[in-house]
Structures are given as C-alpha cells and as structure tokens.
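Structure first, commentary second.
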Amino acid sequence: MLPKEKMARINTLSRKSKTSGLSPEEKQEQQLLRQEYLKAFRGSMKNTLKGVTVLDPNGNDVTPEKLKEERRRDLH
C-alpha cells in the first residue's frame with residue numbers, strides 16, 4: 001500500500017474538497033494520488049487472489065483456470 005504520509009494527504013485533500021474546495025493544483029495532486037492508490041490496491045488485491053484456492057462443498061479444487069494459469073506464469 002501507500003506510505004502513511006500519502007494516505008494522510010489523500011484524506012486531507014478529500015476533506016478540503018468537501019468543505020472549502022480545491023485549487024486546480026490540488027485537484028491535480030488529488031487525482032494523481034488517487035491513481036497511485038488504486039494501482040497499489042489493485043496490485044495488492046491481485047496478489048491476494050493468486051493465493052486463493054476455491055473448493056466446492058465436497059472439497060474438490062474448482063479454482064478457475066485463468067487463476068491457475070496466472071500462478072504458473074508467476075512461477076516461471
């Protein structure tokens with residue numbers, strides 16, 4: 001995830017946008033920080049999902065092939 005300082009800045013800009021509004025420079029900064037946050041979040045979520053195994057009620061592995069292929073690709 002993002003460093004605490006960047007997360008704090010995202011929250012500060014969000015609060016300010018709701019109260020007094022943001023300058024054009026602050027809006028641009030906010031957009032860049034949000035994009036960076038989303039990129040980090042998606043990467044983290046993708047890594048989490050790579051470690052998931054889906055089992056049916058009988059205990060059989062029914063993990064989607066796409067996920068299995070992604071795991072194999074990461075090993076090589």
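The values are calculated or read from the model by the stated rules, or taken from the named source; none is laboratory data. Note that the coordinates shown come from a computational prediction; the quantities given were computed from them, not determined experimentally. Here the Cβ positions follow ideal geometry from the backbone for every residue, glycine too, while neighbour counts run over all protein chains shown. Only protein heavy atoms, including side chains, enter the accessible area calculation; ligands, DNA and RNA are left aside. Shrake-Rupley method; radii C 1.70, N 1.55, O 1.52, S 1.80 Å.
Points to keep in mind about this one:
- Charged side chains reduced to their Cβ positions (Lys and Arg at +1, Asp and Glu at -1) give the chain a dipole of some 260 debye around its Cα centre.
- With every protein chain in place, the chain: carbon and sulfur % of accessible area (1.4 Å): 55
- For the chain, diffusion coefficient by Stokes-Einstein and Kirkwood Rh (Cα), 10 °C, 1.306 mPa s, µm²/s: 103
- Shown is the FRET efficiency for Lys46 and Ser20, computed with R0 = 35 Å from the Cβ-Cβ distance and rounded to the nearest 0.05: 0.40.
- Helix-derived mean residue ellipticity, 222 nm - over the chain, DSSP H n ≥ 4, -39500 (n - 2.57), to 500: -24000 deg cm²/dmol
- Listed values for the range 4-15 are Karplus-derived 3J(HN,Hα) couplings in whole Hz (6.51 cos²θ - 1.76 cosθ + 1.60, θ = phi - 60°), namely 4, 5, 5, 5, 4, 5, 4, 5, 4, 5, 5, 4, and x replaces Gly and Pro.
- Residue-span extension gain [Gln28 to Leu55] - 0.36 nm each, minus C-alpha spacing: 5.3 nm
- Pairs of lysines in the chain whose Cα atoms sit within less than 22 Å of one another amount to 19, provided the residues are eight or more positions apart or on different chains.
- Positive-end residue, the chain charge dipole about Cα centroid, Cβ charges, pick of Asn11, Leu75, Pro24: Pro24
- Karplus 3J(HN,Hα) series, Hz, for the range 59-75 with 6.51 cos²θ - 1.76 cosθ + 1.60 (x for Gly, Pro): x, 7, 6, 10, 4, x, 4, 4, 5, 4, 5, 4, 4, 4, 4, 6, 6
- Annotation: per residue accessible area for the range 21-68 equals 77 Å², rounded to a whole number [probe 1.4 Å, protein chains only].
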